[in-house]
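The values are calculated or read from the model by the stated rules, or taken from the named source; none is laboratory data. Here the structure is a predicted model, which is why all the values come from computation and not from measurement. As a convention, Cβ positions derive from the backbone with ideal geometry for all residues, glycine included, and neighbour counts pool all protein chains shown. Heavy atoms of the whole protein, side chains included, go into the accessibility calculation; ligands, DNA and RNA do not. Shrake-Rupley method; radii C 1.70, N 1.55, O 1.52, S 1.80 Å.
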Amino acid sequence: MQQSVFEHMQQMGHEQLVFCHDPYSGLNAIIAIHNTTLGPALGGTRLWNYNSHEEAVIDSLRLSRGMTYKAAISGLNLGGGKAVIIGNAADIKSEGLWRRYGKFVNSLNGKYITAEDVNTSARDMEYISLETDFVTGVPEYMGGSGDPSPFTAYGVFMGMKASAKKMWGSDNLSGKKVLVQGVGHVGQYLVGHLVEEGAKVYISDINETKIKETLEKYRAVEVVGGSKIFDMEMDIYAPCALGATVNSESISKMKCAIIAGAANNQLADETVHGPMLIEKGILYAPDFLINAGGLVNVSAELEGYNRERVMSNVEKIYERTLEIYATSEKEKVHTQLAAMHMAEKRIQAIASVKSRL
Ligand code: NAD
């Protein structure tokens, strides 16, 4: 790591970074709290086999910052936080680990509220909830909202349709070639919406089981090998795996009109790749804007869950995406920056409300 942890925190504007270690359960976790101006920091817990501890720290910092923007732009009274647990999901998951982690979450007294993310499930949240109330995304049979992925996928679908409207004048995706990279929780639901709309769907995943599952549900989809995805012509690229897939190398190859997907932090470096996409004429739907459906869903648990209200809030992603495209043109900034400005404006406005009697 070239910069120190504190330099990273300062650069990205973080409030707090908490390290959790438990030798008995093998837990090594990092909870990153970016900004709590709007409310407690809500964000999922990612379980990932990071190559290094530095990589895990950076991921927690980047992801939690994204959550601040996501909550702010979605009109939620929540701050941004995220946690990562270092390890191999197939080996380390246990009741003891989740309950110990629940205790760590509890020790922050509600400043951080957790939920699911990559490799963590509603069942895992159930164990965490035995040790803390500061957890969302618990199963429906426990009064929670369950898996947030269908809501995330629906929001991404809304953002994708709004992007089509902007690019082609119609939001109908029928006949459009869409590549969904990563057919996990969110990706599979997204494929469902696209197939229903009549899009020509291509899928790619490193996990053969996920490919098989998707093919069994949706026979018309075609599989593309991971190394070939940017060689093919497509209308829409939907990154639904991990972040940073939109980078200098991939952009130079891309033959698509729109990028709209669920993955967090899709742009490897927003200051470089946001403008690069504009130059190439590719419309980029800001990730934290269109993948907010899951956050909207879990946050509803905090105020009394109502599915209809959640769906109507997730649908708003359509109008908000069009608004961002209009602002991006007006302010002559790339779409990610336009979305960040909108989120920052709300945070500043509420901070000023809160600072006065
Ligand atoms: P998931 O783990 O269920 O699915 C991810 C899928 O991507 C897996 O099937 C995995 O095998 C595949 N994958 C990993 N690397 C790949 C690669 N290089 N090429 C192709 N496929 C690859 O995760 P998910 O819950 O579906 O989330 C997907 C993305 O969306 C993540 O970045 C997550 O942070 C983001 N996200 C998820 C939610 C949610 O509600 N689950 C909400 C907001 C954002």
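Rounded to a whole number, what % of the accessible area of segment 200-272 do carbon and sulfur atoms account for, probe 1.4 Å? Write down the numbers at each step before the final one.
Working: 1790 of 3490 Å².
Of all accessible area on segment 200-272, carbon and sulfur atoms account for 51 percent.
Please give me, ordered by residue number, the GluC sites (Glu not before Pro) of segment 211-315 that lie in loop per DSSP and have at most 12 other Cβ atoms within 10 Å.
On the way: sites: Glu213, Glu216, Glu222, Glu233, Glu249, Glu270, Glu279, Glu301, Glu303, Glu308, Glu315; in loops: Glu233.
Those satisfying the criteria are Glu233.
Average the reciprocal distances over every distinct pair of alpha-carbons in segment 1-81, invert the result, and give the Kirkwood radius in Å. Display every interim value, and only then the final one.
Working: mean 1/r = 0.0763 Å⁻¹.
Here the Kirkwood hydrodynamic radius works out to 13.1 Å.
Using only the Cα atoms, work out Rg/Rh for the chain, with Rh taken as the Kirkwood radius, to two decimals.
A ratio of 0.95.
Could you tell me how far the Cα centroid of segment 91-144 sits from the Cα centroid of segment 274-298, in Å?
Centre-to-centre distance over Cα atoms comes out at 28 Å.
Among 165-172, 82-89, 203-210, what's the highest-first ranking by average C-beta atoms within 10 angstrom per residue?
Going from most to least packed, we get 82-89, 203-210, 165-172.
Tell me the per residue accessible area of the chain using a 1.4 Å probe; a whole number in Å² is fine.
Each residue of the chain exposes 44 Å² on average to a 1.4 Å probe.
How about segment 208-273: which chymotrypsin sites (Phe, Trp or Tyr not before Pro) there lie in a loop by DSSP and see at most 11 other Cβ atoms within 10 Å?
Sparse-neighbourhood loop chymotrypsin sites (Phe, Trp or Tyr not before Pro): none present.
Please report, in debye to the nearest 20, how large the charge dipole of segment 232-325 is about its Cα centre when each Lys and Arg carries +1 at its beta carbon and each Asp and Glu carries -1 there.
Once rounded to the nearest 20, the dipole reads 120 debye.
At a Förster distance of 45 Å, what's the computed FRET efficiency of Glu279 paired with Phe6, Cβ-Cβ distance as r, to 0.05?
Details: r = 35 Å, r/R0 = 0.77.
Step by step, r from the Cβ atoms, then E = 0.80.
Rg/Rh for segment 50-134 to two decimals, with Rh computed the Kirkwood way over all alpha-carbon pairs.
0.97
Dividing the Cα radius of gyration by the Kirkwood radius, what Rg/Rh value follows for segment 208-337?
1.01
I need the shape label for segment 1-147. Rule: rounded when a/c is under 1.5, else prolate if a/b > b/c, else oblate, with a, b, c from the alpha carbon gyration tensor.
Because a/c hits 1.5 or more and a/b fails to exceed b/c, segment 1-147 counts as oblate.
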